[in-house]
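Colleague: The structure follows.
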Amino acid sequence: MTLIVFSLLVFPALEKISYAAVQMVPENFSELARQAKPAVVNIQTEKTIEGGGRVYRHFFGSPFGGNQDMFEEFFGPFLQQQPRNRKESSLGSGFIITGDGYIVTNNHVIKDADQIKVILHDNKEYEATVVGTDPMTDLALIKIEAKDLMALKFGSSSKAEVGSWVVAIGSPFGLEQTVTAGIVSAKGRIIGSGPYDDFIQTDASINPGNSGGPLLNLEGEVIGINTAIVRSGQGIGFAIPSDLATGIIAQLTQDKTVSRGWMGVAIQEVTQQLAEYYGLKDVKGVFVAKVFEGEPAEKAGIQIGDVIYQINDKPVNSSRDLTFTVAGIAVGDTINVKLIREGKEKTIKVKLGKRPTDDPNSLAQNEDYDVFGLKLKPLDADLASKLGYPETLKGLVLMDIQQGSKVSASILRPGDFLLEINRHKIDTLEQYQQYLKKLNTGETVQLLFRRGNSQVFVISVEKP
């Protein structure tokens, strides 16, 4: 008979967690709702859609295409009786922040509205005017003429921990004063809505019509402004954090507009490969991929290839860190930018300008891209000095890559130096352009680039 011996694995005892002190589920939310609901409003807007909208154009657009005269001859008398424009209504939410009628909501709730109607909890109705908007964060401030209104106070979104209880109040599908509860599911969510993505994710039910309403902690403080949902999923909603919103609202209240600090650089994360290439000890900071001409960073001496790791006393570990830090500093203030250049640490003072209201990349859109989406410039002494190339070197430097082009997903980056095209040496833009004209559509082109003093690589692309 064979004796089988089982060996028992002994694990260290886990620390016992006391759940008695943790209030897993609040007894109820009724008192919080009772106090907060008078400050939450229903917003109804009306806007004019030019040309009657898609339905009108579908049924009454010219069946003869561009032959409008023939169309008018047959149907003109009938169409003269049809409305050329139509009114479109929409619903949203908001909350009162001052007793004299200042109300916070989402920009998309009131955007392009001809009329904004605010309905209070007691069904009193007011016409509202727009004080100011900030499309980049989807925030808006409106005002009604009223007194002694119940107002909500902002709390700190940074203190709200993942797993903590929150309450959303608003008008989903037009159902006023709807209260839902859930928890903070995550923080710092990036959903691709803009440069200031930093959303609170919650499973408190948020639906169309909740936009602009408050997300409250159990103390009744606003820690978020409900703004987005995932239509393909359930239990996922997003709110703008109060720590971001309060500064925006303060500017809108005082100046009716928002001004953000701006350095004038395009940045990307520092990867392990970039760190090795530039001899960085740590994978930290952000890589300066482009310096906009004539902007504060260029004036201060920041260069392509610099790695920024600190602004004033705040560490910069990601592109979001730099964007948020700079945006939160007043236009005209001077900041200390700590960076690494060629393995050496430097501190450069930059006087901030005002961030453009449009996409900053549009600063370079007026200059011509070639058929591949490349923007090339002859190397001069100034560029050679900035990029670390010998002044005697002749050729073209890559200044920018057009978004969405065939080469935008390649390893190319601004600062790369074009050596050859199909093994033909290129010294001037004229030579480059003349050679491109000789190529046939669909022909594969090989571009030889140099990066720094040693790295050489080839990009293959078809001529469109």
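Coordinate-derived values only; no laboratory data. Everything quoted here is computed from the prediction, not taken from an experiment. Here the Cβ is made from the backbone with ideal geometry for all residues, glycine too, and neighbour counts use every protein chain on show.
Colleague: Per the Kirkwood formula on distinct C-alpha pairs, the Rh of region 148-189 is how many angstrom?
Modeller: 12.4
Colleague: Between the alpha-carbon centers of region 270-339 and region 95-152, tell me the distance in whole angstrom.
Modeller: Region 270-339 and region 95-152 have Cα centres separated by 38 Å.
Colleague: For region 253-262, take each phi angle, set θ = phi - 60°, evaluate the Karplus expression 6.51 cos²θ - 1.76 cosθ + 1.60, and give the result in whole Hz per residue in order, putting x for glycine and proline.
Modeller: Along region 253-262, the couplings run 5, 7, 10, 6, 8, 10, 10, 10, x, 8 Hz.
Colleague: Right, something else. Using a ≥ b ≥ c from the Cα gyration tensor of region 210-281 (square roots of the eigenvalues), is it rounded, prolate or oblate, where a/c under 1.5 gives rounded and otherwise the larger of a/b and b/c decides, a/b for prolate?
Modeller: Taking the square roots of the gyration eigenvalues as a ≥ b ≥ c, region 210-281 is oblate.
Colleague: Let me ask something else. Out of residues 5 or more away from residue 284 or on other chains, whose amide H comes under 5 Å of its own, with H placed 1.01 Å from N in the peptide plane?
Modeller: Long-range HN contacts for residue 284: none found.
Colleague: Also: Run down the lysines and flag those whose C-alpha is under 23 Å from the C-alpha of residue 284, throwing out any fewer than 8 positions away in its chain.
Modeller: Within the straight-line cut-off, residue 284 pairs with 187, 314, 338, 344, 346, 349, 386.
Colleague: Another question, if that's okay. Which trypsin sites (Lys or Arg not before Pro) in region 231-296 pass both tests, a DSSP loop state and at most 13 other beta-carbon atoms within 10 Å?
Modeller: Filter output for region 231-296: 231, 256, 281.
Colleague: For residue 116, what charge total do you get from the other residues with a beta carbon under 12 Å from its beta carbon, if Lys and Arg give +1 and Asp and Glu give -1?
Modeller: Counting the neighbours of residue 116, the net charge comes to -1.
Colleague: Can you give the net charge of the other residues whose Cβ lies under 15 Å from the Cβ of residue 343, counting K and R as +1 and D and E as -1?
Modeller: Its environment carries a net charge of +1.
Colleague: So how do 416, 380, 122, 243 line up by other beta-carbon neighbours within 10 Å, fewest first?
Modeller: Arranged by neighbour count, lowest to highest, 416, 380, 122, 243 become 122, 380, 243, 416.
Colleague: Next up: Straight-line reach from residue 47: which lysines have Cα under 29 Å away, leaving out those fewer than 8 places along the same chain?
Modeller: By straight Cα distance, residue 47 reaches 37, 87, 111, 117, 124, 143, 147, 256.
Colleague: A further question follows. How do the peptides 96-109, 393-406, 205-218 rank, highest first, by the average count of neighbouring beta carbon atoms within 10 Å per residue?
Modeller: Going by the mean number of other Cβ atoms within 10 Å, highest first, we get 205-218, 96-109, 393-406.
Colleague: Looking at region 367-462, send over the antiparallel percent of its DSSP beta bridges, to the nearest 5.
Modeller: Around 100 percent of the beta bridges assigned by DSSP in region 367-462 are antiparallel ones.
Colleague: Given axes a ≥ b ≥ c from the Cα gyration tensor, I'd like to know whether region 157-255 is rounded (a/c under 1.5), prolate (a/b larger than b/c) or oblate.
Modeller: It is rounded, given that a/c, with a ≥ b ≥ c, falls under 1.5.
Colleague: Starting from the Cα of residue 437, draw a straight line to each of the lysines and keep only those under 21 Å, dropping any in the same chain fewer than 8 residues away.
Modeller: Straight-distance partners of residue 437: 375, 377, 406, 425, 463.
Colleague: If you don't mind, another one. Loop-only trypsin sites (Lys or Arg not before Pro) in region 98-161, please: DSSP not H, G, I, E or B, and at most 14 other Cβ atoms within 10 Å.
Modeller: Within region 98-161, the qualifying trypsin sites (Lys or Arg not before Pro) (loop, at most 14 other Cβ atoms within 10 Å) are 124, 147, 153.
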